[in-house]
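In what follows, a single structure is set out as C-alpha cells and then discussed.
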Amino acid sequence: MKCERIFLNDDKSVWFDTYLWDNSAELKPGYKRPAVLVCPGGGYKYSSDREAEPIALTFAAAGYHAFVLRYSVDLAAVMPAPLKDAAKAMAYIKDHADEWYLDSRYVFVSGFSAGGHLAAALSVFWDNEEMFPEYKDNFDRIRPAGMILGYPVIDLKSTARRLDIGVEGYPDYDKINFGQVHPNVNPADIFVRENNKTYVNFEIAMNAYMFGGYPTDEQIYQYSLQNHVTDTTPPAFIWHGGEDGLIYPRNSFMFAEALREHNIPCELHVFGKGGHGLGLANEVTENNPWEVNEQCAMWPKLAADWIKSILRQQ
C-alpha cells in the first residue's frame, strides 16, 4: 500500500493522505480501482481522527483506494474555503488516476457530521459555475461518483440549540470546557443558561466557523444543502443514529426527500439506536462506551454493497 501526504496549499495547512493499493501481479494486474475521499467531521472547528484513518482503512479493506482530506478548519473554515479544498483534492485524485491505477469514473466522497456537510456540498455544487468557475471547462474533474454520508449536517437550522454538555449552574464562560467558541461571537449567544444548567447552542457555535461570525439568512440558505439538489446531483448513501441529539436525524430525512424529488437514487438508513459521532460504531473508533453500537456498525458493509450496486450499473 502506498501511503503519502499530498499538500494542497503553500502553507501546508490543507492536505490529503493516500491509502493506495499496489498494482500487484497477483491481484488483477492493471485493475483500476474505485476510490473514496473521506472528509472527517469536527464542526468545522477541527478534523476528527476518529472519522479519518479508521474510515479510510475500512474502505481500503473493501478493495478501494482511499484518501483522507484535512480541509480548512477553525478560523480558516469560512466558506467556501473547505469546499474549494474538497474540489481541489477531487481534481488532483482524478488527474493522477492512471499513475495510481484508479478508475476516475468512480471516485466517491464520504463525510461525517460537518464532513458530511462538506461531502454533500461538493456533490450538489460540483457543476455550479458561480461556485467553481475555475473548473467550468471540465466540471467532471470534481464530480463525485456518489456520496456516503454519516450523520451529516445538511440543514443549518437543524442542529442542537440546547446541547447538554454536563455543566451545572452558571459558571463564567471562560471556565466552561467547550472549545468551539468563535472569537467573533458573543459567548452569551452560545451558552444558554436555564434551570440551573448551562447548555450550548451548537447551531450558533458551528455556523460561526463556517461564516466567520454571525451568518446572514442568505448564507444559511446557500449552505443548507437540501435547497440545492439538482438533476445532476450524484446518488447518495446516508446513515444516521436515531438518537442523535446534536445533528438531528431530520437532516438526513430532508436531504433524502430532496434527492427523491429529483429522482436521484438514495439509500437511507436511520438506525433505531445510536447517538452522534459514532465513526465506525465499533471498538476501533471507540472513545466512550456509548460510541459502540451494533446496529450502526453495520453501515460499512451496507455502504460497500451500495458502491457495488453503482459499479454494476456501468
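Bear in mind that the values in this text are calculations on the coordinates, not laboratory data. If you're wondering where the values come from, they're calculated on a predicted model, not measured in any experiment. Here Cβ is always computed from backbone atoms with ideal geometry, including for glycine, and neighbour counts include all displayed protein chains.
Points to keep in mind about this one:
- Under 15 Å from the Cα of Lys273 - aspartates and glutamates, other chains or at least 8 residues apart: Glu243, Asp244, Glu291, Glu294
- Summing charges over all other residues whose Cβ lies under 9 Å from the Cβ of Tyr19, with Lys and Arg as +1 and Asp and Glu as -1, gives -1.
- Coil-residue chymotrypsin sites (Phe, Trp or Tyr not before Pro) of segment 1-40, DSSP, other Cβ within 10 Å capped at 16: Tyr31
- Restriction of the GluC sites (Glu not before Pro) in segment 25-125 to DSSP coil positions whose beta-carbon has at most 14 other beta-carbons within 10 angstrom yields Glu26, Glu99.
- Between the Cα long axis of helix 299-311 and the first principal axis of the chain there is an angle of about 40°, rounded to the nearest 10.
- Taking the convex hull of Cα positions in segment 273-314, its mean projected area over all directions (nm²): 3.3
- Compared with the dominant Cα axis of the chain, that is its longest principal axis, helix 81-95 is turned about 10°.
- Going from the residue with the fewest nearby Cβ atoms within 10 Å to the one with the most, Cys39, Cys296 rank Cys296, Cys39.
- Cα-based shape type of segment 105-156, given that a ≥ b ≥ c are square roots of the gyration tensor eigenvalues and the cut on a/c is 1.5: oblate
- Ordering Phe59, Phe67 by the number of other Cβ atoms within 10 Å of each residue's own Cβ, fewest first, gives Phe59, Phe67.
- Straight-line cross-link partners of Lys2 among the lysines, defined as a Cα under 21 Å from its Cα and at least 8 positions apart when in the same chain: Lys12, Lys28, Lys32, Lys88, Lys94.
- Per residue, the average separation of C-alpha pairs within less than 8 Å and at least 6 apart gives the chain a relative contact order of 16 percent.
- Cleavage-rule hits, trypsin sites (Lys or Arg not before Pro), segment 283-314, DSSP coil, Cβ neighbours within 10 Å at most 15: Arg312
- When the chain is treated as a Gaussian network with alpha carbon springs shorter than 10 Å, the biggest mean-square fluctuation among Asn263, Asn288, Asn128 belongs to Asn288.
- For the chain, share of DSSP beta bridges that run antiparallel, in % to the nearest 5: 45
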